[in-house]
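Contents: one structure, followed by commentary.
The values are calculated or read from the model by the stated rules, or taken from the named source; none is laboratory data. What you are looking at is a predicted structure, and each value in this text was computed from that prediction instead of being measured. Methodologically, a virtual Cβ is constructed for each residue, glycine included, from the backbone with ideal geometry; neighbour enumeration extends over all protein chains shown.
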Amino acid sequence: MPKRTNPFQKLSTSIMKTLYGPQYVIKESVIKRSKETGLPREIDIVIFNNSNPNEKILIECRDHKRPQDVTWIDSLTGKAQSLGFKKVLAISSRGFYKTAEIEAKSRGIETMSIEEAEEVDWKKWLFSISVFGIVIDLEPNVYSVKLYDLDGNKPLEINKDSFKKVYLVNEDRSNSISIYDYIKRFIAKQETIKHIRANNKNIGKNYYSTDITFKKRLCYRIKNGKNIPLSKITLFSFSIRKKNNVPLTHIKAGNEKILTGKTKISNRETNLFLHEEKDMLTVMLEEIDQ
């Protein structure tokens with residue numbers, strides 16, 4: 001059975017991620033077999049609690065022109081029983097008839113309407129903003145490296161094209177790593193990320209040089225050449241700080257208030273979701289699948 005989705009289902013999934021947070025796993029278009037028939041059934045959205053896998057929620061979404069009635073509530077009850085779900089959430093873009101809400105409540109099914117808020121409404125929100133400024137520090141780009149030997153000779157300078165051709169090695173040559181892989185590890189370190197965030201002062205490129213000395217003696221080697229004892233290396237890099245002003249759409253998800261927009265980060269389309277709570281905004285960034 002091919003998985004199906006639509007823009008409203010994707011929006012609902014993203015809003016669930018924003019509301020539930022990282023302690024929950026939210027999956028879209030999940031295929032699960034019926035306990036009774038063994039046939040595969042597709043669920044729009046499933047939510048699992050990371051710390052308690054038995055806590056799971058079946059979510060179905062409908063983007064119709066009219067409010068939903070009791071018929072849909074009936075079908076959701078059967079689907080939940082067949083697939084072994086005790087908790088169900090029904091999401092509609094046009095709300096529910098009163099009779100459907102009463103029936104859903106009697107069966108323990110939660111209902112939620114997701115719709116765009118009118119301007120006169122959202123301007124009364126605590127965070128009644130129409131544009132959100134977001135500052136992003138991109139990961140550093142190392143473009144050059146200097147390797148200093150123990151004899152004090154002129155350092156060897158290599159550029160990006162040669163990072164995979166030069167290796168750092170232990171003196172016994174039992175372990176080695178290319179400069180390319182060493183840089184990848186350096187960029188991924190939390191200390192590097194914190195340093196970039198603390199020292200990127202300007203919008204645009206910010207340049208850095210980082211000296212690294214070693215507690216144990218290492219050497220460097222160019223391809224099949226000899227090992228040259230190493231005293232330190234210097235990494236030359238830049239990090240780009242970007243500021244985007246993102247226009248916002250205001251959405252009511254039941255009693256929750258969500259602000260959403262779209263921007264580009266590292267040339268990738270990214271959705272921005274802000275959840276307005278009592279006195280704060282929580283922010284979620286979500287890359288859009290290409």
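If you check Thr111, Thr71, Thr37 for being exposed (fewer than 13 other Cβ atoms within 10 Å of the Cβ) and either assigned by TED's automatic domain parsing to the domain that holds Lys278 or closer than 25 Å to Pro7 by Cα (or both), only one passes: Thr71.
The condition (being aliphatic (A, V, I, L, M), out of contact with any helix residue (DSSP H, G or I) (no Cβ under 8 Å at 6 or more places or on another chain) and farther than 27 Å from Glu277 by Cα) is satisfied by just one residue among Ile136, Ile102: Ile102. State whether the residues of segment 134-155 include one that is in contact (Cβ under 8 Å) with a residue 12 or more places away in the chain, part of a helix (DSSP H, G or I) and either in the same structural domain as Gln81 (by TED's automatic domain parsing) or within 30 Å of Leu235 (Cβ to Cβ) (or both). Checked against the condition, which is being in contact (Cβ under 8 Å) with a residue 12 or more places away in the chain, part of a helix (DSSP H, G or I) and either in the same structural domain as Gln81 (by TED's automatic domain parsing) or within 30 Å of Leu235 (Cβ to Cβ) (or both), segment 134-155 yields no hits at all. Determine whether Arg62 is farther than 21 Å from Asp289 by Cα and surrounded by 15 or more Cβ atoms within 10 Å (Cβ to Cβ). Spelling it out, Arg62 is indeed farther than 21 Å from Asp289 by Cα and surrounded by 15 or more Cβ atoms within 10 Å (Cβ to Cβ).
Residue by residue, here is whether (1) without any contact (Cβ under 8 Å) to a residue 60 or more places away in the chain; (2) closer than 17 Å to Ile179 by Cβ; (3) in contact with a strand residue (DSSP E or B) (Cβ under 6 Å, 6 or more places away or on another chain) holds:
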{"site": "Asn200", "(1), (2), (3)": "no, no, yes"}
{"site": "Asn206", "(1), (2), (3)": "yes, no, yes"}
{"site": "Phe214", "(1), (2), (3)": "yes, yes, no"}
{"site": "Arg221", "(1), (2), (3)": "yes, yes, yes"}
{"site": "Ile228", "(1), (2), (3)": "no, yes, yes"}
{"site": "Thr234", "(1), (2), (3)": "no, yes, yes"}
{"site": "Ile240", "(1), (2), (3)": "no, no, yes"}
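Across segment 83-129, the number of residues qualifying as outside any loop (DSSP other than H, G, I, E, B) and in contact with a strand residue (DSSP E or B) (Cβ under 7 Å, 6 or more places away or on another chain) comes to 20. Does segment 248-272 hold any residues that are under 14 Å from Glu116 (Cα atoms) and either of a type in the set (Gly, Ala, Ser) or crowded, with 18+ Cβ neighbours inside 10 Å (or both), and which are they? Result: Leu248, His250, Ile251, Lys252, Ala253, Gly254, Lys257, Ile258, Leu259, Thr260, Gly261.
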